[in-house]
Amino acid sequence: MAHRIQAVVVLAIIASAPVARASAHVEPTAAGQPAGAPVVLPSLEVVPPAEIKPESFVYVAATQPDRIGRVMAPVYVNGVGPFAFVVDTGASSTVIAPRVVRRLSLPVDHSNSKLLRGITGSEVVPTVLVDDITAGGIKLTNSSLPVVEPRVFADADGIFGADAFARGCLVVNFVRGRLAIHDKACPRVGEEWERARARLEFGGLVVVDARVGNIKTAAIIDTGAERSLGNPALLRALRERRKIAPEPTRTQVYAATSHAVFGDLVKTPQIRVAGVEIGSLQVVYGDFEVFRIWGVEDEPAIVLGIDVLGSTDAMMIDYRKSEVRFLPRGGASNVTMKRHGIPSRLPQRD
């Protein structure tokens, strides 16, 4: 029986071996249009049970020298929860893991499939209809969610994508381990915060101007990616200026789809966004499909993952004002400020 492909979901959840984890995007597509990839429908027969997370569960963690941080949210599905969903600014759609589907006895619709396009490839997945899904001040109702195997979700039960919060404000405080999602503009902050103008593209993807080793680079803010990824155009530019070591480390990259590709793990020069400068960074470079999806394959581009973002004290994404704000980490040796040197506390939410 033919499967009707309703939409395209782009997920940028990434992991490598050494692991780099990536995210997702959704584009409309004509019914019956060929997906360009084999139909791979997740099996719901053998999955670990979805458990309600205890109060002690750590949803937000900062990046440390020996640990990559994470950003998750307590999410309620049809009033049940909380479940832990990765908060993924690189994903165009919210997705749900099979174990939550089974826990809630939701009927899976294999005829209403979606094309999942990730960092490494594409595949077709079924959907489930959810009455409501809630996190913070955000609530989605009557949503048809892709069902995605949690290959790179870590402890997560799904992904909370830009379709949920791309009209409001996302606040992550790595020092306090707190996350806030507002359905309005971000609160005011002081001059100790660095600000970067953002472009909202490809269905809510946040893109800012950055410098990598003094090379002008399009930087995609991706809280769902464990490691930062660079495209071949950026790698060529760095090599031409002799900004990187000639011998990279070959690594395998895994994403939300079942495909895996190889990339080069390379020690990369300092990355500067607005007044925040981050050094001593390992970036995975490769000809990843997502750069073609986003239309940045011919210009230097980088996906800034939680290895970079989690090295700050806090960050805000104001979707209404098209602005990203960073509070650099106090005392961190690899994170400095261009103009200001005194971090402050995250202001109280409105």
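Coordinate-derived values only; no laboratory data. Everything numeric in this text was worked out from a predicted model, so none of it was measured. Every residue, glycine as well, gets a Cβ built from its backbone with ideal geometry; the counts of neighbours run over all protein chains shown.
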**Asked** Once fully extended, how much extra length lies between ARG102 and SER280, figured as 0.36 nm per residue of separation less the alpha-carbon to alpha-carbon distance?
**Response** 59.8 nm
**Asked** In nm, to one decimal, how far is the modelled label at GLU192 from the one at ARG67, with both set 7 Å along Cα→Cβ?
**Response** 2.4 nm
**Request:** Calculate, for ARG178 and PHE57, the FRET efficiency according to 1/(1 + (r/R0)^6) with r their C-beta to C-beta distance and R0 22 Å; round to the nearest 0.05.
**Result:** 0.95
